[in-house]
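Read the structure below first, then the notes.
The values are calculated or read from the model by the stated rules, or taken from the named source; none is laboratory data. Since the structure is predicted, the reported quantities are computational estimates derived from the model, not experimental observations. Cβ coordinates were reconstructed from backbone atoms using ideal geometry, including for glycine residues, and neighbour counts include every protein chain displayed.
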Amino acid sequence: MDYRQKDADKFKICNKLLSRGVKGSSSYHYSKNGIGSIKADMVNTGVYVSSDVVGISVNGNRKGSKLVNMAQLKKIMTAGATVVKDNSIHTARVFNTGERHVSKMLLKNNYYCQQDNKTRSVWRKFPSTIIVKTEQLTPKTARFKSERSPFGRYLFINATVKSGLKMFAPTWDMVRGVQSHKLTIQQYTAKYLTMMRESFKINHTAWLELLKFEEIKIACYCPDGKFCHRHLLAECFVQFFTKQGLNARVA
Ligand SMILES: [Zn+2]
């Protein structure tokens, strides 16, 4: 297997690289020369911001092997930069002790594996603050049940019973009931909050997924300024995030 080509592919989405290795290893070579689209001056810069996508290259279990530079990895994790490393299959290979060490450090520091494919794994930090927004659906956004931005920073949720995610939607009976005034807003609210408590139990994994996003936007057909369950859902989200120890607010 051509490791140079594999690593060039792995790191082509990165703007920086953290690389250290014993002389003669590919990690050593990259630390001096870069790899693929990563030029030498993009390696081991020591300065990191949250928008950085930093590749990590480390030694496997070879003579004199070196682990990742922890001082620099700490800076990367403190900044909350995205990290790119070997995928889970390569990381699991017996030889790849350095890769496993990096995964362990990431997990210990509030990172999760956001993407794991043939080429690479991409790691992001759980945010400490989550902003929840609400908006009216447009013909364009109504086509999505949900939509996440690349690297998963933003999440859009269509919360309507007509075209959205059922786990956050009211029932048709509730929608028609409140429209025809057979159901008061108080009754609707009580029903909806009960449903969301149920949803939290039934769809627990999906609710936990919400913790990965810095910003979540909830949308419904109701015009701005009118009563709408999207505002109730936003409050449910904020309550849940706050219980998890995060800063969360409706904006
Ligand atoms: Zn609505």
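Looking at the structure I just gave you, is A219 away from the ligand (no atom under 15 Å from the Cβ) and either more than 26 Å from C113 (Cβ to Cβ) or not in a helix (DSSP H, G or I) (or both)? Spelling it out, it is not the case that A219 is away from the ligand (no atom under 15 Å from the Cβ) and either more than 26 Å from C113 (Cβ to Cβ) or not in a helix (DSSP H, G or I) (or both). One residue stands out among those in region 131-143 that are modelled with pLDDT under 95 and surrounded by 14 or more Cβ atoms within 10 Å (Cβ to Cβ): the one that is nearest to the chain's Cα centre (by Cα), which is T141. Of the residues making up region 117-130, those that are surrounded by fewer than 17 Cβ atoms within 10 Å (Cβ to Cβ) and either farther than 23 Å from Q5 by Cβ or modelled with pLDDT under 95 (or both) number 3.
If you filter region 149-168 down to residues that are surrounded by 20 or more Cβ atoms within 10 Å (Cβ to Cβ) and part of a loop (DSSP other than H, G, I, E, B), you find that the one that is farthest from the ligand (Cβ to nearest atom) is G164. I'm checking my understanding of the structure. Among residues of region 61-86 that are under 17 Å from S121 (Cα atoms) and among the small types (G, A, S), which one is surrounded by the most Cβ atoms within 10 Å (Cβ to Cβ)? That would be A81. Of note, T189 does not satisfy the criterion of being without any contact (Cβ under 8 Å) to a residue 60 or more places away in the chain, away from the ligand (no atom under 15 Å from the Cβ), in the same structural domain as P150 (by TED's automatic domain parsing) and in a helix (DSSP H, G or I).
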